[in-house]
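If you scroll down you'll find the structure; I have some questions about it.
What follows draws every value from the coordinates through simple rules; no lab data is involved. Since we're looking at a predicted model, the values are computed, not measured. FYI the Cβ positions are ideal-geometry reconstructions off the backbone, even for glycines, and counts take in every protein chain you see.
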Amino acid sequence: MPVRVPLVTDPAARVLLDGIVDYAGLFPPAALDMRDAVRHYARYRGGESGWLLGRFVCGVARLDEFEQAAEPLLPRDPGALPWRIAAVGTHDVVADADAITRFNAANRWSADECSAVIDAVEVKLSSADDVARIDRAFGDDVIVYCEVPATGDLRPIIETVALAGRRAKLRTGGTVPDAFPDAERVLDFVHLCVDARVPFKCTAGLHHALCGTYSLTYAADSAQAPMYGFLNVFLAAALAAQGASRDITGAMLQESEPSSLTWHEEHLAWRGQRLDRVHLARVREEVAIAFGSCSFTEPVGEARAMGVR
């Protein structure tokens, strides 16, 4: 089926950010109800910033609820791009795979067209031993993101994910300060994925463009904590894929100054480092795929504030 892909002839910023936000409005801190979440997603798809939007994130256990709420909003015209869904799995990956198969069959019009498709699933790992079980449950027609544990050695896990031909996922935050991994763990994850050629996504805590201290929830009395920005993580990956040292990628991961980045038609520049759009397109296609966010308007707004159009 057709999917939108960034073109290397696009401006560098668009190549970097095209389809980068997987919308997770159902999840905290937004925690919207299903009806509101699907309405938001439909509106974002049709808006001027829709090019930054990726998949709709939905738990497998809520797929029936999703179908009921989204049915009047799903595309019906031949040739229209379907809604792409990232399903968050459970510990019963066999049941998850069956539910995904049923969903995809129910929403397919023909061999080549559908209104919605689950083409990715995200499953938590306890250890590298879980990868084989998860890999057996899902066919090659579904992208599998294996969420790494919050602690422990990442190398055997990433190596096992690489051998299985699957993808990795890192939780980069949450609604409490302890949910945020330290910089060394984020760098370990990024460099291991780059070295092993394992595509990855991140989830949680990346609403903002660059590092800073931000509120953890939308409550008026919310606690605050230091957070990474989505540009920090994705540009650190792009630099690592270009052969940059860990000192350089570590500095990028901690960058908080918007003026340190300059956006050009054919490249991005940051403190003496240059990332051209051909390289950025390759990184987005092969390494740093997306990040999940319960807000779409926050990352879009921050990207716009930095000059991205």
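What spacing in nm lies between the two simple spin-label points modelled at Arg246 and Asp182, each 7 Å away from Cα in the Cβ direction?
If labels sit at Arg246 and Asp182, their model points lie 1.3 nm apart.
Could you work out the relative contact order of the chain? I mean the mean sequence separation of Cα pairs under 8 Å and 6+ apart, divided by the number of residues, in percent.
About 21 percent, as a whole number.
Here's a follow-up. Which whole-number percentage describes the relative contact order of segment 68-189, with Cα contacts under 8 Å and a sequence gap of 6 or more?
This gives 19 percent for segment 68-189.
What nm distance separates the two modelled labels at Leu163 and Gln254, each placed 7 Å from Cα along Cα→Cβ?
For the pair Leu163/Gln254, the computed spacing is 3.6 nm.
While we're looking at this one, here's another question. For Asp195, put the label point 7 Å out on the Cα→Cβ axis and report which residues of segment 227-252 keep their amide N under 20 Å from it.
Under cut-off, by backbone N: 233-252.
Over segment 177-230, what relative contact order in percent results from Cα pairs under 8 Å that are six or more residues apart?
Here the relative contact order equals 34 percent.
PRE reach from Ser127 (point 7 Å along Cα→Cβ): which of segment 75-91 fall under 19 Å by backbone N?
91
Length gain on complete extension for the stretch Glu65 to Tyr214, per 0.36 nm per residue less the alpha carbon to alpha carbon distance?
50.4 nm
Just from its helices, what would the mean residue ellipticity at 222 nm be for the chain, if runs of 4 or more DSSP H residues each count -39500 (n - 2.57) and the sum is divided by every residue, rounded to the nearest 500 deg cm²/dmol?
-10500 deg cm²/dmol
For Thr172, Thr160, Thr151, Thr217, what ranking results if the residue with the fewest other Cβ atoms within 10 Å of its Cβ goes first?
Thr151, Thr217, Thr160, Thr172
Return the FRET efficiency for the residue pair Asp33, Ala269: r is the Cβ-Cβ distance, R0 is 45 Å, and the value is rounded to the nearest 0.05.
The value I calculate is 0.55.
Within segment 223-309, list the GluC sites (Glu not before Pro) lying in a DSSP loop whose Cβ has at most 15 other Cβ atoms in a 10 Å radius.
Glu265, Glu266
May I pose another question? Quick one: if you stick a label point 7 Å off each Cα along the C-beta vector at Ala105 and Arg43, how many nm between them?
In this crude spin-label approximation the distance works out to 3.6 nm.
Just how far, in whole angstrom, is segment 256-309 from segment 179-238 if you go by their alpha carbon centroids?
14
Could the peptides 219-227, 111-119 be put in order, highest first, of the mean number of other beta-carbon atoms found within 10 Å of their residues?
Per-residue Cβ counts within 10 Å, averaged per peptide and sorted highest first, yield 111-119, 219-227.
Using amide H atoms built in the peptide plane, which far-off residues or other-chain residues are under 5 Å from Val144 H to H?
Correct list: Val121, Arg167.
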